[in-house]
Amino acid sequence: MSNLKMIAPPVPNMPWQERPEGIMDAPVWRYSENPIIGRNPIKGVQRIFNSAVMPYKDAFIGVFRGEQTDGVPHIYLGRSKDAIHWQFDENKIPFVDEDGNPSMPLYAYDPRLVKVEDTYYIIWCQDFYGASIGLAKTTDFKTFTRLESPFIPYNRNAVLFPRKIGGKFMMLSRPSDSGHTPFGDIFISESPDMTYWGKHRHVMSRGSNWWEGLKIGGGAAPIETSEGWLMFYHGVCLTCNGYVYSVGGAILDIDNPSIVKYRCKNILLTPEEWYEERGFVPNVCFPCATIHDPETGRIAIYYGAADSYVGLAFTQFEDIMRYIMDNSMVNDTDTGLGKR
Ligand code: BMA
């Protein structure tokens, strides 16, 4: 009997496919019908990718990065009964300010969706005099209220934790530049109220592993476990033909998530299928969400593929935890409190 536990609400209608024969390395496998969202999914939107989904009222809901036909990305709402086949709203999410007046970002991309207590938060990248973090909340998926930008520019890949830690909201982010950032580590910040953010701490450095040697960034919202926060993130390397984005895994301390307990030195998922290797930006696997069920240990990872499609991959909780722990290699800068 294992003493590893996932701490999360059950999801009885998990999207799932059994592990195929012949996996020799990381225990992660792709859905055989990938990509689950193809090109031109909505009128006026050419590509949907880098998107986040979660269970909602016996079904599923998601926020999707839709690249419009004018090339500008915005966020679209989608609903699904099985978390595989999605119906999208025709129009982008109509954000309002705290007085209820329309308040649209100039552009919005790479959304994450995280429920903390009774509120759903959408976190994305937007223009705030340069690339920065956008934030909104909803309780009914009808009214979406934008909140203040949590950080000054430049920053991307902000991911909220699914519960407060020590009474504070916690958010990962990756300070950057306004372009195709050739550097970057993951940091964490805390807030009493989702408005004022501080006590910034360094979490993890770009890897000493080549596959994540250029930059790293938060991916799916961390999953609470008995060993700490299970985090799927992206790691990027630079080749002579450009960047390659892969999925990595780490486990952060449960009370002090700026401390990395385990960090897998091996890639969990890297571009190798046509929809990952070929597209608007080739060679991108970009995780943004998981759906996970503590009762069966099933985890479904949603990832953007080649900035063109949404892919789905599966893993088993205990297998992935053991794989990360057995293949862990942490840097000195990962294991501290992240304060200098
Ligand atoms: C990053 C982000 C992602 C994108 C990736 C690869 O900087 O912009 O949205 O998937 O580049 O193009």
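The values are calculated or read from the model by the stated rules, or taken from the named source; none is laboratory data. Computed from a predicted model, the values in this text were never measured in an experiment. Cβ atoms come from the backbone with ideal geometry, glycine included; neighbour counts cover every protein chain shown. Remember, those area values only see protein heavy atoms, side chains included, never the ligands or the DNA or RNA. Shrake-Rupley method; radii C 1.70, N 1.55, O 1.52, S 1.80 Å.
Karplus couplings for segment 233-239 from phi (6.51 cos²θ - 1.76 cosθ + 1.60, θ = phi - 60°), rounded to Hz, Gly and Pro as x?
9, 10, x, 10, 10, 9, 10
Taking all pairs of distinct Cα atoms, average 1/r, flip it, and tell me the Kirkwood hydrodynamic radius of the chain in Å to one decimal place.
This gives a value of 19.7 Å.
Multiply the residue separation of I7 and E318 by 0.36 nm, subtract the distance between their alpha-carbon atoms, and state the gained length in nm to one decimal.
110.7 nm
Cβ under 9 Å from T181's Cβ, T181 left aside: what net charge do those residues give with Lys, Arg +1 and Asp, Glu -1?
+2
Apply the Karplus curve 6.51 cos²θ - 1.76 cosθ + 1.60, θ = phi - 60°, to the phi angles in segment 39-47 and return the couplings in whole Hz, x for Gly and Pro.
Taking θ as phi minus 60°, the curve returns 6, 6, x, 9, 4, x, 10, 7, 8 Hz for segment 39-47.
For the chain, what % of the accessible area comes from carbon and sulfur atoms, probe 1.4 Å?
Of the solvent-accessible surface of the chain, carbon and sulfur hold 49 percent.
Distance check, please: which entries in K164/K261; K43/K137; K43/K168; K92/K339; K92/K261 exceed 30 angstrom between their Cα atoms?
With Cα atoms farther than 30 Å apart: K43/K168; K92/K339; K92/K261.
When only DSSP loop residues count, what GluC sites (Glu not before Pro) in segment 257-307 have their Cβ near at most 16 other Cβ atoms within 10 Å?
E272, E273, E295
How about segment 108-137: which chymotrypsin sites (Phe, Trp or Tyr not before Pro) there are in a DSSP loop, with at most 13 other Cβ atoms within 10 Å of their Cβ?
Y129
In the structure displayed, which of K115/K265; K5/K142; K115/K142 lie more than 23 Å apart, Cα to Cα?
Pairs exceeding 23 Å: K115/K265; K5/K142.
At a 1.4 Å probe radius, which order do I152, I93, I7 fall into by accessible area, largest first?
I152, I7, I93
Multiply the residue gap between T143 and D118 by 0.36 nm, knock off their C-alpha separation, and tell me the result in nm, one decimal place.
Roughly 7.6 nm would be gained on extension.
From the helices alone, meaning DSSP H stretches of at least four residues, give me the mean residue ellipticity at 222 nm for the chain, per-run term -39500 (n - 2.57), in deg cm²/dmol to the nearest 500.
Using -39500 (n - 2.57) per qualifying helix, the result is -1000 deg cm²/dmol.
In segment 50-112, which GluC sites (Glu not before Pro) are in a loop and have at most 11 other Cβ atoms within 10 Å, using DSSP for the loop call?
Passing both the DSSP loop test and the Cβ count: E90, E98.
Can you give me the three principal axis dimensions of segment 263-340 from its C-alpha atoms, in Å, biggest first?
Principal-axis extents of the Cα atoms in segment 263-340, largest first: 39, 37, 21 Å.
Express in whole angstrom the spacing between the alpha-carbon centres of segment 33-91 and segment 251-287.
Rounded to whole Å, the Cα centres lie 21 Å apart.
Okay, which of segment 318-340 sit inside 11 Å, backbone N to the point 7 Å along the Cα-Cβ direction of W210?
What the label zone holds, given the 11 Å backbone N cut-off, is no residue at all.
Can you tell me the Rg and the Dmax, both Å, for the Cα atoms in segment 210-336?
Here Rg and the maximum Cα pair distance are 14.3, 45 Å.
Please label the shape of segment 76-233 as rounded, prolate or oblate, based on the square roots a ≥ b ≥ c of the eigenvalues of the alpha-carbon gyration tensor (a/c under 1.5 means rounded; beyond that, a/b larger than b/c means prolate, else oblate).
In terms of gyration-tensor shape, rounded.
Counting only heavy atoms of the protein chains, get the accessible area per residue of segment 74-150 (1.4 Å probe) and round it to a whole Å² value.
It amounts to 47 Å² per residue over segment 74-150.
Would you kindly state how much longer the chain becomes between E18 and D70 on full extension, computed as 0.36 nm times their sequence separation minus their alpha carbon distance, in nm to one decimal?
Fully extending the segment from E18 to D70 adds 14.7 nm.
Could you give the Stokes-Einstein D for segment 1-147 in µm² per second, using the C-alpha Kirkwood radius, 37 °C, 0.692 mPa s?
193 µm²/s
Per the Cauchy relation, a quarter of the hull surface: what is the mean projected area of the convex hull of the alpha carbons in segment 143-225, in nm²?
Projected over every direction and averaged, the Cα hull of segment 143-225 covers 6.9 nm².
Could you sort L135, L106 by accessible area so the largest value comes first, with the probe set to 1.4 Å?
L106, L135
At 1.4 Å probe size, what's the solvent-accessible area of K137? Round to the nearest 10 Å².
Probe radius 1.4 Å; accessible area of K137 about 80 Å².
Give me a comma-separated list of calculated 3J(HN,Hα) values for segment 249-260, in order, Karplus coefficients 6.51, -1.76, 1.60 applied at θ = phi - 60°, integers in Hz, x for any Gly or Pro.
For segment 249-260, the Karplus curve yields x, 8, 10, 9, 4, 5, 9, 10, x, 6, 9, 8 Hz.
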